[in-house]
1. In the list 19, 26, which residue meets the criterion of being part of a strand (DSSP E or B) and closer than 21 Å to residue 216 by Cβ?
2. Does residue 77 fit the bill of being free of Cβ contacts under 8 Å to residues at least 24 places away in the same chain and in a loop (DSSP other than H, G, I, E, B)?
3. Hey, could you check region 192-212 for residues that are in a loop (DSSP other than H, G, I, E, B) and in contact with a strand residue (DSSP E or B) (Cβ under 7 Å, 6 or more places away or on another chain) and say which is surrounded by the fewest Cβ atoms within 10 Å (Cβ to Cβ)?
4. Among the residues of region 134-146, is any closer than 20 Å to residue 100 by Cα, modelled with pLDDT of 95 or more and over 23 Å from the mean Cα position of the chain (by Cα)?
5. So, in region 136-177, of the ones that are in contact with a helix residue (DSSP H, G or I) (Cβ under 8 Å, 6 or more places away or on another chain) and touching a residue at least 60 places away in the same chain (Cβ under 8 Å), which residue ends up farthest from residue 108 (Cα to Cα)?
């Protein structure tokens, strides 16, 4: 990944970190952009920031622990003030595609428990219509092929077609989420009606969750070499 993109991600993370103050209950996102945010929060904690955080994945938990960030769970702290996370895509309505890092279920649970959700991205994640990035759908391993067929049918009903592939890790093994599930990456191309597709997917018994995040993000902070833009309200 280019230095310019990494710098943009860090700029967006720095802007989001300005929203964090002592006493907050904070959700920590997962992925390459969120990692920058966690690093920045770790430095602020070492400088005296007093917060409590809920990580959205085991990877983020390990990173936060290594930085000395105080952690809790949604069982002990079921309401959060702010979650900062990344996204694979976002559109003008601040609808997101998430799950490229495989943490979409926990990310959505944490987002839904938060008063405010702010997304941080580089400019490449901004799209006119969702679907350039394959839509991740988290599924239970049992009945995988039957679930895949139902996803194909539901998607076709709302005008989405394309390859649906089981995700594998870099070693060629089936990718398994923190919750013990599989992910099907759905290369539908442009999604004409994200809410309709979301409704169809959640009605499938084998689907645990999908990567369409609708109505959750209050703002998206976008950065590139020219600076930082904010879509929505901070």
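The values are calculated or read from the model by the stated rules, or taken from the named source; none is laboratory data. Keep in mind that what you see is a predicted model, and the values were worked out from it rather than measured. In this analysis, Cβ positions are derived from the backbone assuming ideal geometry, glycine residues included, and neighbour counts consider all displayed protein chains.
1. Numbers: 19 fails: part of a strand (DSSP E or B).
None of the other options fit; the residue is 26.
2. Values: free of Cβ contacts under 8 Å to residues at least 24 places away in the same chain: no; in a loop (DSSP other than H, G, I, E, B): yes.
Answer is no for this residue.
3. Initially, region 192-212 is screened for residues in a loop (DSSP other than H, G, I, E, B), giving 192-193, 203-206, 211.
Subset that is in contact with a strand residue (DSSP E or B) (Cβ under 7 Å, 6 or more places away or on another chain): 206, 211.
On the way: 206: 22, 211: 28.
Among residues in region 192-212 that are in a loop (DSSP other than H, G, I, E, B) and in contact with a strand residue (DSSP E or B) (Cβ under 7 Å, 6 or more places away or on another chain), the one surrounded by the fewest Cβ atoms within 10 Å (Cβ to Cβ) is 206.
4. Step one: filter region 134-146 for residues closer than 20 Å to residue 100 by Cα, giving 134-141, 144.
Cutting the leftovers down to modelled with pLDDT of 95 or more gives us 134-141, 144.
Still in the list and also over 23 Å from the mean Cα position of the chain (by Cα): 144.
So far as region 134-146 goes, yes, one or more of its residues are closer than 20 Å to residue 100 by Cα, modelled with pLDDT of 95 or more and over 23 Å from the mean Cα position of the chain (by Cα).
5. 140
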